[in-house]
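Working notes for the structure below.
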Amino acid sequence: MFSFLFLFLILPLEASDRLALLSFKSAISHDPIQQPLASWNDSMDHCQWPGVKCSSSRRRHAGRVTELDLDSYNITGSITPTLANLTFLRRLNLPNNRFHGQIPPEIGKLRRLRYLNLSSNSLVSEIPTSLSQCSQLQVIALGSNKLHGAIPPNLSNCQNLRIITVKDNHLVEEIPPEFGNLPKLAYLDLASNNLTGTIPSSLGNLSSLLALELFGNSISGTIPPSLGRLSSLVFLRLYRNSLVGSIPSSLGNLTSLQMFDLSYNNLTGELPSSLTNLSSLTLLDITTNRISGSIPPSLSQLSALTDLALTANSLTGSIPATFGLFQSLEVLALSRNQLSGDVPKSIYNLSTIEYLGIANNNLVGTLPQDFGMYFPRLKRLLMYFNKLHGQIPASLANATGLSDIELTGNNFTGKIPTRLGTLQDLSWLSLDRNQLKAGKEGGWGFLTSLTNCSKLQVLSLEFNGLGGGLPASVGNLSRSLQWLTMGGNQLSGSIPVEIGNLFGLEILGLDRNDLDGRIPSTVGKLQQLQTLELSFNKLTGQIPGSLGNLSELTYLSLEVNALEGQIPASIGQCQALGTLDLSDNTLSGTIPTEVLSLSSLSKYLDLSKNLLNGPLPPEVGRLKNLREFYVESNELTGDIPGSIGQCQVFEVLHLNYNKFQGVIPQSLSNLRGLQDLNLASNNFSGSIPEFLKDFSLLQNLNLSFNNFEGQVPIGGVFRNLSAVSLQGNHKLCGGDPTLNLSSCASTIHAKRHKSHRLKIILLATIAAASTLLVASFIALRYWMRERRTIPTTDPTKGQHGKVSYYDILKATNGFSTDNLIGVGGFGSVYKGVLEIGEEKVVAVKVLNLQKKGALKSFTAECNALKAIRHRNLVKIITSCSSVDNRGNEFKAIIFQYMENGNLHDWLHREERDQLRLGLLQRFNIAIDIASALEYLHHHGATPVVHCDLKPSNILLDDAFTAHLSDFGLAKLLGTSHESSESSAVGIKGTVGYAAPEYGMANEASTKGDIYSYGILLLEIFTGKRPTDESLKEDSSLHRFVEMALPDQVMDITDPSLLSEVKEVFDGRYFHEWMISILQIGLSCSKEISRERMDIRIAIKELHALRNKLVNQNTRQIRETATLLQEGSAYADHYQ
């Protein structure tokens, strides 16, 4: 390089230009195959080299290089500073190459330079400030590089600049306000950088500006009204920034404007009427802002408009009928607003339309049967999530260019038109969540016709009324098909083996149907499959080993079927699998180590509710990326392997309802991210580890019904009664006083005095010999008292010993009215203090045997409760079958006492100033009751139907955990000769909560309980009883809620919740959340029993909603939950 510089000093000027070019060539590291610079040598004059142009020989400075143009030569290298020696250079054009390194600051010495284009390279420097010395510059094009730093404000010294484009770089800081002083600037493109700050109002001085491109930055603030002075502006694109405020009405002065794009900002206010002055406008895009108000009908005056996009705002009112006046409109995008009313008939005048998007609004009405004839050029039709009804027009086939039809989430009925199969360009057809029908009587012809659509990629038909067998012609659909979903229908029969012909399939969803038979092994041919969803069917047989061939599979769900046999080890070959759910089947054998070795598992692995046995393999420690692990309700044995401590990402670990034993391993202390740990109903022993109290994220800890003993840790999760369950561990002591466990100190004291008690016993024995008379008298009294007891089979065997009538009489202060809690259909409930080993507050249900059915109710309740145990079922302590002091038969059941009474009294408090249930409490109660029902229906040896689910039968303990009570009408369903969902007839329940079929003397069923639960869920969040007088005579609570959704959801929400919502939750988020929870209630309380949501699905959706609630408002929810739990004590603490 030094030799080049030396020669520059001693050679003639034209020779120095030649050397400068050779120096530039020497920095080229890659010259493509055609080698365009190979001729840059001594064989010809440098003015004849490719890409080089010199001044004319007739000029004074003949032979001087004036242009270097190597556009798209695909050369690699750096730009040398020696180019600065080309002092007569006017044009430097090097775009679309692979130049790297920096822009040499020496270029600023090229005083004659007018055109500089280095775009589409890999330059990484800052923009040299020295460019401001090139006073003749008219064009600076540096786009599509990797430039960083700020844009030099002193570029404004180049007063001849007409074009500045530095788009698609990494430039930062603000737009220089000095750019407003460039009188000739016509094109300013600063798009796709990281610019911040505001748009300088000085840009309004650029009277020659034709294009202002600032999109794709982080510019904030408002749009300066001064931009309305840019009378020559043709392109104004400010999209994908963080602009706020309203659209200035002054922009209506831009009469030359053709493209106006403000999409993806945070603009508010209404659309200014002045926009109708933009007579040259062809594109108006304000997508994804927060614009409100109605759409100005006067927009139809924009006669040149081809694209109108107002998607994802808060626009209200109807679609203006004047829109039918558009002459050239090709795109009308109004989706995701709050528009209502009918689709105006004038819209059908838009014969030029190619894209019609009015989805996700509140539009009503029907589509004319000749719909397709009005839009001969239509390519995309988006009308999903409205309230449209009627039949889908067969005339859609007349719009022969249609490629995308999306009608999801309406109320379309009838059959799917077979003529859709004539649409040769059809690639996307989504008709899910309607009421479309097909079945044995016909309606499946459309599927055969769609086999003609060779470009079809998406077919979504889930949640309709499609019934009967899935035709084998499904296997003849396009080989391009990537997405096939038919879940939530009424499909029956087996899955066609021909499904294996759809080699391009990525998503296959046939869940929530009545499919039976085996999973065809041909599914293993779907090599591109990523999601396989076959859950909630009646599939039988073994899981085919061919599923191991699905190397792209990320999600596999086969839950709630009747699959049997062992889990195929071949599933371990699915190395991309992130979620695996095989729960609720009858799978047996051990857990394959190959499955536990899948390091790709990251979301959840659910093997629960099967018949799996053997130990939990130590390979479980390889699940190092897994967040949720469920193996509850199996027959697993042995200790928890110490390797589980390697699973440090675990958030949920459920090992409950197995036969595990041993102690909780110390390695579990590594799982500090645990939020939910359930070890209930096993044979674990030893002490509860202290490290559990240090798990700061732990929200649910269930250690109930094991053999734990000793001191309960104090602090952490153990301070939260609603988060911890320890019942059924009778050797535990100490802990937080609110746990009401016996003192460990008293136990120690008892051991120390054991020998003393023995001495007393010995002395008592000796004394007995000398007090025979007294002993005889006592024995006589005891015999007279016991003769009153009526021998019966003890329905509470395994609980505490039975108590006598006199024990209960004493416990209730002689059945005092002060102790009376409530009166039910078959008796009264009293609060009492009973000594059962220790003094204990209990609830005593005394049966009124004079009432018909009371004795049967007593037997039903005892039989239902004796074999079941769950944290959300009321705990029966013991019972009493005896005679009273008058010799009459006496029967009572003693339950765990619930401090906070029943749910009905909390929902319908008479005094306005009384403490009421908060949102999170109600939600937790809803999950508690759903969990109880799931246990009763699916996890006992014999399914139990409660038959009388209502708020007064839901009791709340001191932590507001809900417990289902009053099993007086409960029925145990048979398993050998009865349906798994039905039993005895004649069950009445309670008016308003009883399922409609019960009124027709139908059999009791789990579906009846689900109906009651749905009504209960609606009552919890609306505060309205199903028998409320405000409901119209021909209406019901279900219909009342259904009519209000989604627009009037806030009007039907319990008013006592709304003040909490304003303080704690984001209003729009709460609105969406409330719609979701009420929709679950509606799905559970449908009139036709087979259409009701399965309680297991309801629980999953409830948990998903709770997770969203927690994630959205973590800090606020924690504060609110604490306030609700601690009540007035919380308020006193912070006064």
Check your understanding: Given Lys831/Lys1024; Lys950/Lys1007; Lys840/Lys950; Lys387/Lys1007; Lys950/Lys1024; Lys875/Lys1086, which pairs have Cα atoms separated by over 20 Å?
Key -> Lys831/Lys1024; Lys840/Lys950; Lys387/Lys1007; Lys875/Lys1086
Review point. Label Thr268 and Val124 with points 7 Å out from Cα along Cα→Cβ: what is the distance between them in nm?
Key: 4.4 nm
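Taking a quarter of the surface of the Cα convex hull of segment 561-605, what do you get in nm²? If you can, show how the numbers build up before the last one.
Values: hull surface 12.0 nm².
With every direction weighted equally, the projected area is 3.0 nm².
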**Study point:** At most 10 other Cβ within 10 Å, DSSP loop - GluC sites (Glu not before Pro), segment 429-518
**Key:** Glu441
Exercise for review: Could you work out, for segment 541-666, what percent of all Cα-Cα pairs fall into each 10 Å distance bin, beginning at 0 Å and stopping at the bin that holds the largest distance?
Suggested key: 14, 49, 33, 4, 0
**Study point:** Dmax and Rg, reported as Rg then Dmax, of segment 174-233 (C-alpha, Å)
**Key:** 10.7, 28
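Can you give the FRET efficiency for Glu174 and Ser280, using 1/(1 + (r/R0)^6), R0 = 35 Å, r = Cβ-Cβ distance, to the nearest 0.05? Write out the running numbers ahead of the final one.
On the way: r = 31 Å, r/R0 = 0.88.
Calculated value: 0.70.
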Exercise for review: Give the value in nm², to one decimal: projected area of the alpha carbon convex hull of segment 687-752, averaged over all directions.
Suggested key: 4.2 nm²
Review point. So if R0 is 25 Å, what FRET efficiency would Glu690 and Leu739 give, r being the distance between their Cβ atoms, rounded to the nearest 0.05?
Key: 0.95
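Go through segment 414-490 and name the trypsin sites (Lys or Arg not before Pro) that are in a DSSP coil and have 10 or fewer other Cβ atoms within 10 Å of their Cβ.
On the way: sites: Lys415, Arg419, Arg433, Lys437, Lys440, Lys455, Arg479; in loops: Lys415, Arg433, Lys440, Lys455, Arg479.
Here the trypsin sites (Lys or Arg not before Pro) that fit, given the DSSP loop and packing criteria, are Lys440.
Using r as the Cβ-Cβ distance of Lys379 and Leu1058, and R0 as 60 Å, what FRET efficiency do you calculate, to the nearest 0.05? It would help to have the intermediate numbers written out before the result.
Details: r = 45 Å, r/R0 = 0.75.
Step by step, r from the Cβ atoms, then E = 0.85.
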Point to revise | Linear extension gain, Asp1028 paired with Lys603, 0.36 nm per residue minus alpha-carbon span | key: 148.6 nm
Review point. Projected onto the charge dipole of segment 598-709 (+1 at Lys/Arg Cβ, -1 at Asp/Glu Cβ, origin at the Cα centre), which of Leu701, Gln666, Leu623 gives the Cα projection farthest towards the positive end?
Key: Leu623
Review point. Put a dot 7 Å past each Cα toward the Cβ at Gln528 and Thr586; how far apart are the dots in nm?
Key: 3.8 nm
Point to revise | segment 27-162: radius of gyration and largest Cα-Cα distance (Dmax), Å | key: 15.0, 45
Exercise for review: Calculate the spin-label point distance for Ser246 paired with Asp71, positioning each point 7 Å from the Cα along the beta-carbon direction, and give it in nanometres.
Suggested key: 4.6 nm
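Using 0.36 nm per residue of separation minus the Cα-Cα distance, give me the extension gain between Ala38 and Arg909 in nm, one decimal. Could the numbers behind the result be given before it?
Values: separation 871, 0.36 × 871 = 313.56 nm, distance 9.29 nm.
So the chain would gain 304.3 nm between Ala38 and Arg909.
Computed from the coordinates by the stated procedures, all read-outs in this text should not be read as laboratory data. Computed from a prediction, not measured in an experiment: that's the story for all the values here. Reconstructed Cβ throughout: ideal geometry from the backbone, glycine too, with neighbour counts over all protein chains shown.
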